[in-house]
Amino acid sequence: MKKKIKVLISACLLGDNVKYSGGNNFTPELVTLLEKYNVDIIKVCPECFGGLPIPRVPSEIRENKVFSKDNRDVTKEFLIGAEKTLKIAKENQIDFAILKERSPSCGSTYIYDGTFSENIITEQGITTKRLTEENIKIFSEENLEEIEKYLVELAKN
Ligand code: SF4
């Protein structure tokens, strides 16, 4: 029997109420795509893994550290979350990851600039960076076409 494709996914994209506001970023088109290819889903929320509460004060990256909007240094929590996510990725031998764009943990191309003024810069979140260092392929929910092409290739093997 063919091995199922394993994908690590930001839990908020699947509708889990784990984001800072207590809500989620449910993306139905993503769920439809994952169902079409019958993938094994491994859900993660790095900020929860780091011990941050739900809801929580939002955070942004500034000069390689992470600060909450009320100026608390939460770098340690973000680093713990990244390591735990990496451990889960390795234990499950995932094929790739789909992480929420613009998050200070999960952003893969864009994040906010650290000033809490909605300015976006080209940079990765803390967890995404850590997974990238370990050569894990990462997509965001904004690249469904690319994800599908990748799934088609994996399904051939
Ligand atoms: Fe979603 Fe990632 Fe933020 Fe958790 S840390 S709420 S999974 S974007």
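Restricting attention to region 119-157, the residues that are farther than 25 Å from Pro28 by Cα, away from the ligand (no atom under 16 Å from the Cβ) and modelled with pLDDT of 95 or more total 6.
Among the conditions (1) under 15 Å from Pro46 (Cα atoms); (2) open to solvent by 50 Å² or more (accessible area, probe 1.4 Å), the only one that Glu91 does not satisfy is (1).
If you take the residues in region 138-157 that are assigned to a loop (DSSP other than H, G, I, E, B) and over 21 Å from Lys2 (Cα atoms), which one is nearest to the chain's Cα centre (by Cα)? It comes out as Glu141. Taken together, the residues in region 36-62 that are away from the ligand (no atom under 15 Å from the Cβ), open to solvent by 30 Å² or more (accessible area, probe 1.4 Å) and either in contact (Cβ under 8 Å) with a residue 60 or more places away in the chain or within 25 Å of Gln93 (Cβ to Cβ) (or both) amount to 4. The conditions of being open to solvent by less than 60 Å² (accessible area, probe 1.4 Å), touching a strand residue (DSSP E or B) at 6+ places or on another chain (Cβ under 9 Å) and over 23 Å from Leu86 (Cα atoms) are met by Phe116. Of all the criteria given as (1) open to solvent by 30 Å² or more (accessible area, probe 1.4 Å); (2) over 16 Å from the mean Cα position of the chain (by Cα), the one not satisfied by Thr75 is (1).
Candidates in region 4-35 are the residues that are more than 14 Å from the ligand (Cβ to nearest atom) and closer than 19 Å to Lys137 by Cβ; of these, the one that is modelled with the lowest pLDDT is Lys4.
Using the structure shown, decide if Glu83 is within 15 Å of the ligand (Cβ to nearest atom) and either within 19 Å of Lys43 (Cβ to Cβ) or open to solvent by 40 Å² or more (accessible area, probe 1.4 Å) (or both). Criteria met by Glu83.
The values are calculated or read from the model by the stated rules, or taken from the named source; none is laboratory data. The shown structure was predicted, so the numbers you read here are calculated from the model rather than taken from an experiment. Please note: Cβ atoms are built from the backbone with ideal geometry, for glycine as well, and neighbour counts cover all protein chains shown. Quick note on the areas: whole protein, heavy atoms, side chains included, nothing else; ligands and nucleic acids left out. Shrake-Rupley method; radii C 1.70, N 1.55, O 1.52, S 1.80 Å.
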